[in-house]
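Participant: One structure follows; several queries about it will come next.
Each value in this text was obtained by applying a stated rule to the coordinates, not by laboratory testing. Since we're looking at a predicted model, the values are computed, not measured. Glycine gets a Cβ as well: all are built from the backbone with ideal geometry, and neighbour counts include every protein chain shown.
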Amino acid sequence: MSPVQPVETVTVDTGDTRYDILIGADVWADDASWAGLPKAAHAVIVTNTTVDPLYGDAVAARLARLHSRVTRVVLPDGEAYKDWATLNRVFDHLLGEGCDRRTVLYALGGGVVGDMAGFAAATYMRGVPFVQLPTTLLAQVDSSVGGKTAVNHPLGKNMIGAFYQPRRVLCDMSVLKTLPAREFSAGLAEVIKYGPIADDAFLGWIETHLDDLLARDAAALAHAVRRSCEIKAQVVGADEKETGVRAILNFGHTFGHAIEAGLGYGEWLHGEAVGCGMVMAADLSARLGGMAPEQAARLTSLIARAGLPVRAPALGEDRFLSLMRLDKKAEDGEIRFVVIDAPGSASMRPAPDALVREVIRAHGGA
Ligand code: NAD
Ligand code: GLY
C-alpha cells in the first residue's frame, strides 16, 4: 500500500549514531518505512492497555512480515507505572521468551511507553536494538527523538535512565486521530516550544495553522512534526548528552516541573505544565530584557488558543522556589532557567530570586 502523503525524513546524527525519523500520514502502512530495520527472528512490542487494542494487532501483523516471532508486553497505562516494578515486567517477558541480543524491541505508545521500552532496550543484555512507534503528539515531536530513556524513582521523575538512541522513529499522523483532546493540547505545548527557542518563523506558522492542527489535519500535523523533529535533531546532534545547548529544549520546564511536582504528578499533564511554564519563562525573559513584552504576550495567547492553561496554580512563592531548586538544571541550589535572548534564540542562565518571585506572583502562583 502506498502512502497518501509523501513521507518526510529527518535524520538524527550524534556522531556515534545515525537514524531516520519518518513522518507522514500513513507511514506505518508503507512497506518502505520498515525496510532495512535490524533483522532478527524475534520482535517484542512494548505497549500499554490503551494503545494495544487500538494499534497492537495491526503493528503485530506488520512485524510478522519482518520477524518470524512477534510477542507483546502490554503494560498498565499511566505515568504512575513508569517505575522499576513495571519495567521488570518487560525484563520478565524478555527472559521468559528467551530473547537474545538480536531481539528487536518496538515501543508502541506515548512517552511513557517509549521511555520505558528504550530503557529496557538500553539495559537488556547490555543493549538490544529498538524502534520508536510514537502514538502521541508529544512523543512524535519530543520523547521518541534524541535517546533519553528512563523510569521514575519514588524520589524523583526520570531519575533512573540512560541515553540510548533508537534505530528508527516512525511517526504516523493517522494514529493521532484517536488521541484525547487534552493529550493533544499537551503535545502542542512541546511543538510551540520550538518556536521561541529556535525558529521564530515556525512560531508564526503555528499561529496561522493552529486551527488546522487542532482539527488534526494530516498535512499540517506532518509539517509541525517535521519542523519540530528537525530542530530537535539539530540540537541533539550538537549535544547528545546535554552538557550544554540541549538544555534549551527545556524552555518552560523549570516552572512546569514545579507545577507538576507541587500539584502531585498527574494532576496536570506534563505538556499543560510546560504550557503554563512557558508563559512564566517568557515573562522572565521579558523582565531580563531578552524578549519584548508584546512577544511574551503573543506566546501566551497562542498557548491559550492551543487549549493549555496559562495561569499557574497557587502553590505559594516559597514552595514554587523550593520545588524549582530540585530541578536537574539547578547547580549548588541556584536555579537556572532557559530564557529567550532574541526571537528564535535561547540560553540558560540564573535569575535573581526577587525577579522570579515577581513572575510567580504575576501569574497566580503565589
Ligand atoms: P503517555 O505516554 O502517558 O500518553 C498519554 C495518554 O494517551 C496515555 O493514556 C496513553 O495510553 C494514551 N495514548 C497514547 N497514544 C494514543 C493514541 N494514539 N490514541 C489514544 N490514546 C493514546 O504521555 P506522553 O505525553 O506521550 O508522554 C509523557 C512521558 O514522556 C512522560 O513520562 C515524560 O517524562 C516523557 N518525556 C520524555 C522525553 C524524552 O526526551 N525522553 C521528553 C518529553 C517527555
Ligand atoms: N525533552 C528534552 C530533551 O530531550 O532533551
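Participant: Just one of the numbered conditions (1) surrounded by 17 or more Cβ atoms within 10 Å (Cβ to Cβ); (2) within 21 Å of residue 124 (Cα to Cα) is not true of residue 85; which one?
Facilitator: Here residue 85 clears every test but (1).
Participant: Can you tell me which residue in segment 247-256 is nearest to residue 316 (Cα to Cα), limited to those that are touching a residue at least 24 places away in the same chain (Cβ under 8 Å) and within 15 Å of ligand 1 (Cβ to nearest atom)?
Facilitator: First pass over segment 247-256, keeping only residues touching a residue at least 24 places away in the same chain (Cβ under 8 Å): 247-255.
Those left that are additionally within 15 Å of ligand 1 (Cβ to nearest atom): 247-254.
Working: 247: 26, 248: 26, 249: 26, 250: 23, 251: 22, 252: 18, 253: 18, 254: 16 Å.
Out of the qualifying residues, it is 254.
Participant: Considering segment 284-309 alone, what residues qualify as being surrounded by 17 or more Cβ atoms within 10 Å (Cβ to Cβ) and either acidic (Asp, Glu) or not in a helix (DSSP H, G or I) (or both)?
Facilitator: If the condition is that a residue be surrounded by 17 or more Cβ atoms within 10 Å (Cβ to Cβ) and either acidic (Asp, Glu) or not in a helix (DSSP H, G or I) (or both), then 290, 291, 306, 307, 308, 309 are the ones that fit.
Participant: Look through 80, 61 and report the one residue that is of a type in the set (A, V, I, L, M), surrounded by fewer than 17 Cβ atoms within 10 Å (Cβ to Cβ), more than 16 Å from ligand 1 (Cβ to nearest atom) and in a helix (DSSP H, G or I). Even if it seems obvious, please write down each step before you answer.
Facilitator: Details: 80 fails: more than 16 Å from ligand 1 (Cβ to nearest atom).
When all the criteria are applied, what remains is 61.
Participant: Would you check if residue 43 is part of a helix (DSSP H, G or I) and farther than 25 Å from residue 141 by Cβ?
Facilitator: Taking the combined requirement at face value, the residue does not satisfy it.
Participant: Give the residue, chosen from 220, 215, that is free of Cβ contacts under 8 Å to residues at least 40 places away in the same chain, closer than 17 Å to residue 136 by Cα and in contact with a His (Cβ under 6 Å, 6 or more places away or on another chain). Break it down stepwise before answering.
Facilitator: On the way: 215 fails: in contact with a His (Cβ under 6 Å, 6 or more places away or on another chain).
From the options 220, 215, the qualifying one is 220.
Conditions tested, residue by residue: (1) within 16 Å of ligand 2 (Cβ to nearest atom); (2) part of a strand (DSSP E or B); (3) out of contact with any Gly (no Cβ under 6 Å at 6 or more places or on another chain); (4) within 29 Å of residue 78 (Cβ to Cβ).
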| site | (1), (2), (3), (4) |
| --- | --- |
| 141 | yes, no, yes, yes |
| 157 | yes, yes, yes, yes |
| 177 | no, no, yes, yes |
| 183 | no, no, yes, yes |
| 186 | yes, no, no, yes |
| 201 | no, no, yes, no |
| 204 | no, no, yes, no |
| 211 | no, no, yes, no |
| 226 | no, no, yes, no |
